[in-house]
1. Assign unit charges at the C-beta atoms only (+1 for Lys and Arg, -1 for Asp and Glu), then state the dipole size of the stretch 319-384 relative to its Cα centre in Debye, rounded to the nearest 20.
2. Could you tell me which residue out of THR28, LEU373, ALA13 lies farthest along the dipole of the chain toward its positive end? Charges go on the beta carbon: Lys and Arg +1, Asp and Glu -1, centred on the Cα centre.
3. What is the distance in Å between the Cα centroid of the stretch 270-284 and that of the stretch 347-391?
4. Would you mind checking the pairs LYS45/LYS77; LYS194/LYS268; LYS2/LYS25; LYS297/LYS326 and listing those with alpha carbons more than 18 angstrom apart?
5. Compute, for the stretch 123-280, the length of the dipole vector about the Cα centre, with Cβ point charges of +1 (Lys, Arg) and -1 (Asp, Glu) only. Units Debye, rounded to 20.
6. Compute the semi-axes of the equivalent ellipsoid of the stretch 123-280, taking the square root of 5 times each eigenvalue of the Cα gyration tensor, and list them largest first in whole Å.
7. Over the chain, with a single point scatterer placed on each C-alpha, what log10 of the ratio I(q)/I(0) does the Debye formula yield at q = 0.07, 0.09 1/Å?
8. Counting only GluC sites (Glu not before Pro) that are in a DSSP loop and have at most 15 other C-beta atoms within 10 Å, tell me the longest site-free stretch of the chain.
Amino acid sequence: MKVVLFDIESHYAPALLEEAMDLVKETTEYDLTEPEPGFYHCLSKQPDYHVEMSVKTDGTVTAKCHCTVFKRAKVCKHSLAALLILRDHILRSRRGKSKSKHENLLLDDVLRKLTITELRGFISTYGQSHSGFRAEVLANYLHLIKKPDYHHLLSDMTPIDKYGNIKLNRNNLKTVRNILSTLLRQAQQLLKEKALAETFLILEATIHHLNRLIIKVPQYQEQLSTELRFALRLFDALCHQTMAPRLQQSAITLAMEISSRDGFSFLKGSVPMLLAVEPFILEAKSRQAAYQLAERKTVSDLKQQVLWAGFVMRWRRLWSMKATGKEVSRILQINMPDIIQEFSRQTEYEDVIYSLNATKASDYDKTIVRGMLQAGLRAARQTGDRGLVSKLAYELSLSYLDREAWEILNEVDVESATRVLRVLAEFYTPGSDEAADQMLLHGWSLTGHKMNYSCD
């Protein structure tokens, strides 16, 4: 159907228009999107209908509904209702821009007339009676005073009942997130200005508060994870700066305190705080405390057991730590394949090789061993260890008939690659194993050697 958008009423019967207007009143849940300029989708959830609209430069609009009535009559109450919704949307947006521009000009004019004393007096009075406004002002400018207390600011603006329980809901969650975002943007600016101590004060308070909120009100974890991810990214960037020893120690304390909490969880896509402060952990006592925390969490935190076990293996390699209990060793043995794969995903190739050397192939299924060897081969190639590349590629190609591994072996050690082919040719009779036949044919064709092996 095609109609002039601002003259819909003159094109259709009053009965149909009345039915469409009733539908507009009933439409309580809908999305009006503009994927491309001039093209709109009106998708209603309650009632259920979907109308596509195309607005032309001459003011006409074409509407298409997906209901059976429209397919038969080329017009329906859904399409008319969507046109009315679109017209109202366009009128509102036009009025809003004009009104907003006028209000901004008026506000600028008033502010120019105000004196500093009058403005300070208004902000002070208004801030005392409006907690949201007061929190916004403090979030933006609290860093200007000598000893800013961000912990008090965050705790003051979080709704808590008389029993000390956090009372977050959809209405006040937005305010809390806005204050946190403002603080984090301020921390980002301070970090650019190399004000490291001031940056840390903000990050310490926000990371503490965000982890507390996520633990206390887990139903809003997904929303709060946005601010936490931003905070952790800034914390990692801060730890890459040249920090004073006292600030380094404060960062270690923060990372240890947050990570040791019950209910703590690693945030996907973010660098763990313990990994960010790892270069600062130099004292034997601090290393022992971090390692014991990782071991304790490996046993108690079943949901994140692999990640904590990864810290245990990593710090054994870096700090030469020793196991303190049989339970940890048992857990490591069970989870070692997953630990190696996790290290491989994180591109921690030295840890992959160390963990692989600590395993016994006889403890695992052949398929699992193959996956670990492949991860080890990738790590060895990245670290440039040709000897280990040759060893792992030889094992994969001989025991698992891995053609890719054999090609890698042929690149670094032609003699060993040829030996693999000869051993396979002696062990497998032609036609007994299709994978062996394919590998031998592929291998001999690449090496150019003549073979006495036929698989008809």
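Rule-based calculations on the coordinates, nothing more; no lab input. All values reported here derive from a predicted model rather than from experimental measurement. Cβ atoms come from the backbone with ideal geometry, glycine included; neighbour counts cover every protein chain shown.
1. 180 debye
2. Result: THR28, furthest along the dipole toward the positive end.
3. Value for the Cα centre distance between the two parts: 25 Å.
4. Correct reply: LYS194/LYS268; LYS2/LYS25.
5. 280 debye
6. Three semi-axes, in Å: 25, 20, 13.
7. -0.69, -0.91
8. Longest site-free region, per DSSP loop and neighbour criteria: 1-192.
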